[in-house]
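Read-outs: derived from the displayed coordinates by stated rules, not from any lab. All figures in this text were calculated on a predicted structure; none of them were measured in a lab. As a convention, Cβ positions derive from the backbone with ideal geometry for all residues, glycine included, and neighbour counts pool all protein chains shown.
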């Protein structure tokens, strides 16, 4: 898994490539990267799943932990461009009740300012 | 430039922001120019009345005013809603100016009843003008601003009153009492100009509060509607009760005072002059008290204590009358009436007006009109009735009238105590939660363990039909294999290339692919699997196979070890083969370790605990290890505690332990956390605070001893001050923004911890609301948060915390923190 970070209008965008799974050992986990941004005072986080094929329970845990850390500081974490397969599983597991998921990055970015 | 100079001058006396200075000065002069003529009109009113009537007729003047004022309230309310504020106030001032000229003319005709009419008119003028002024203040300012500036505004009123009194005292004997009335219209004209200037500066939306939007049909607010508003609100009823008791006491004291003056000074102009001088001196004393004490006292003691000052002093004053001989009663009368008026002009007035501010705008104005005018005068009428009953009918002496004053003062005190409780409630209601606890949001919608199992099941389909089957089996056992889920995780048999269950038994043959067959009975499957596992033959064969997999370690494929780890969790805890799980728990592969830890959770054998703890430092299985230890529960608390205390232990492990203890959440776990917090373990302090905060969030009746929390709080506050001072130093040295930004973020984290610590010893929801509104609220809600903290925190704590969160200029904040950090070094929050 490779995670690249970019910023737009005070929103931190994590572009994730590969699969978010336990066996893919990286220097820093997704949650650690999100927490670093939160420690820097960032409060708007967008996860770009365009190149994410699949995730395992570790990946789910990382996304949930990132959401909780962000939200409990008064911030917002949202997801964009999730695959249909993943979206279906998110629906069945009710994760769509927790996360705001967008098809389009522009709309996702706009939504941070609409609130 | 001018504004800066103005601010520099005023800020010497008042806590005022630079942008507030011009408006505040206008408000100051507005009040000045109302009270100046009022204090000419007042001595004239009393003196003329006492010239034509005896003191026994005074109650009739009080009663007449009380009766008529109700209609005036209605008219005032209608005008308030009909016209925009500025126009309404201007028109009423013009009306009063015309009346004064008319009275001056009519007094030349020497009609006795005119003095009664004039008495009535004076009360209407004074009540209306002062109410209009406070309505203007409520239009312009929010509660926290108002509390800072109210002292400054009241100064304007006091100075105006002093000016008017001096003029009345000096000119009464020279030009005559009646001619004093001609001075007032000129002063009111200036007031008109100031009010118009004031409203011209305000944004329209601020002033539009409490009024109907343009285009909307404007409903007139009737007297009945105002009454109903007050009747339905406990807070407003108590406020009405307080005002009633206060005014009744004031009326009784006023009667005693005027009676003594009438008996002591017979000549009209001399009496006017005396009254002018008396009011002037009272105002000077009030002004001095006000400058030196009002803001200081309010800041030091808060509204809830200051509200009791006046009734307690008058209670003592009422008793004191019995110490004075009749010939010296004028001294007692001057002292008690002076105290009543001085306190009324300063502390009582400020407190009463501040008590209105937390009320919703749409209710505030209507209720204020009703209370200020009607309740006020009803109380005067009540006082008048008490005088008629006890003095006129029952022939009480002037001294004996104090026996009536004393119990009424007692009632005043009771209302003040009740209002104290309600005030905090109303401030809280103005604060909304900005964001919900995310853990709770997730828990409400998502079964985390099931979700993870589903993802693992789907993923394992690609890896191993054995793992896949085992995961399916778990879903079946949890009775969670819903039709939707079956559809999503079902697959075609020719897609599978993973090893089959047969390979585990080392039996050659085709792949067995477990499909999700609707025909398979879930319970039957469960029974069959357990029966197989219970067979001795099975145990013997499987033990050999697993030992072979485990001993080969990393040379064996990960998937084989994953299957073995998963299988071991399905065994009975007493099976000898289960011991092999130990090596799998600390396997290098996170996936193998994950399955092994999950299996260890099912088996709950104590020997696995140290190995699971070891895995807390592995980011890829940290969450699984955490969940496992939480599942172990009480039996791991002491082990976790000893690891937490061990300075040699890996810090990543130590940092993971507080969260586990917090989520175990039993009293023993809570005690362990509290004791570790008190133990001063700085390297894990943030984690300890977070864990305790989460515990309190789920168990709000949890009570932590202050002696545990206060020293940590003391330390955090001090560190915050030091960070602020460091930021100031960097800014002065012109250092780079990133350094300053890092420190600001560090300060922000400290503040979060300060509020989390406060949440452990104060009402959780109150502290949470206050913190959230300070971080993310509007200016108004931030001010309410500060007001709430001011009312609920203990004096020594709020003194040190409020400067960190108040909206004051940065250099002022640093200055205060420099002063406080020295004080903090000498003080401990645990000291009584």
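Numbers at a glance
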| item | result |
| --- | --- |
| Efficiency of FRET between residue A:36 and residue B:604 - r from beta-carbon atoms, R0 41 angstrom, step 0.05 | 0.70 |
| Degrees between helix B:268-289 axis and first principal axis of chain B (Cα, 0 to 90, nearest 10) | 20 degrees |
| Pairwise label distance in nanometres, residue B:56 with residue B:91, each label 7 Å out on the Cα-Cβ vector | 4.5 nm |
| Packing-based order for B:151-161, B:328-338, B:700-710, B:381-391, using average beta carbon neighbours within 10 Å, highest first | B:151-161, B:381-391, B:328-338, B:700-710 |
| Rh by Kirkwood over Cα pairs, then Stokes-Einstein D for the protein assembly as shown at 0.890 mPa s and 25 °C, µm²/s | 73 µm²/s |
| Kirkwood-Stokes translational diffusion coefficient of the range B:558-611, alpha-carbon pairs, 4 °C, 1.567 mPa s, µm²/s | 124 µm²/s |
| Of every Cα-Cα pair in chain B, the percent that sits beyond 48 Å | 44 percent |
| Spacing of the two label points (7 Å from each Cα toward its C-beta) at residue B:700 and residue A:110, in nm | 3.9 nm |
| Quotient of C-alpha Rg and 2.2 N^0.38 Å, computed over the range B:604-702 | 0.98 |
| Neighbour-count order for B:263, B:682, fewest beta carbons within 10 angstrom listed first | B:682, B:263 |
| At R0 = 60 Å, FRET efficiency that the Cβ-Cβ distance of residue B:484 and residue B:725 yields, to 0.05 | 0.50 |
| DSSP-defined beta bridges in the range A:2-113 - what % are antiparallel, rounded to 5 | 30 percent |
| Point-to-point label distance, residue B:544-residue B:300, nm (Cα→Cβ direction, 7 Å offset) | 9.0 nm |
| Where a label projected 7 Å from the Cα of residue B:732 along Cα→Cβ would reach, residues of the range B:805-824 with amide N under 16 Å | B:810-822 |
| Projected area, mean over directions - the range A:2-113, Cα convex hull, nm² | 6.4 nm² |
| With Cα atoms, 0 to 90° folded angle of helix B:685-698 axis to chain B main axis | 80 degrees |
| Surface/4 estimate of mean projected area, convex hull on alpha-carbon atoms of the range B:520-605, nm² | 5.7 nm² |
| Cα gyration tensor shape of the range B:769-832, rounded if a/c is under 1.5, else prolate or oblate by comparing a/b with b/c | oblate |
| The range B:400-466 shape via C-alpha gyration tensor axes, a/c threshold 1.5 | prolate |
| Chain B: angle of helix B:667-678 to the longest principal axis, Cα-based, in degrees nearest 10 | 70 degrees |
| Kirkwood Rh and Cα Rg combined as Rg/Rh, the range B:709-826 | 0.96 |
| Estimated [θ] at 222 nm from DSSP helical runs (n ≥ 4, -39500 (n - 2.57)) normalised by residues in the protein assembly as shown, nearest 500 | -22500 deg cm²/dmol |
| Principal axes of the range B:128-187: Cα extent on each, largest first, Å | 47, 18, 14 |
| Computed lengthening from residue B:818 to residue B:312, 0.36 nm per intervening residue step minus Cα-Cα distance | 178.4 nm |
| Rounded to 5, the percent of DSSP beta bridges in the protein assembly as shown classed as antiparallel | 30 percent |
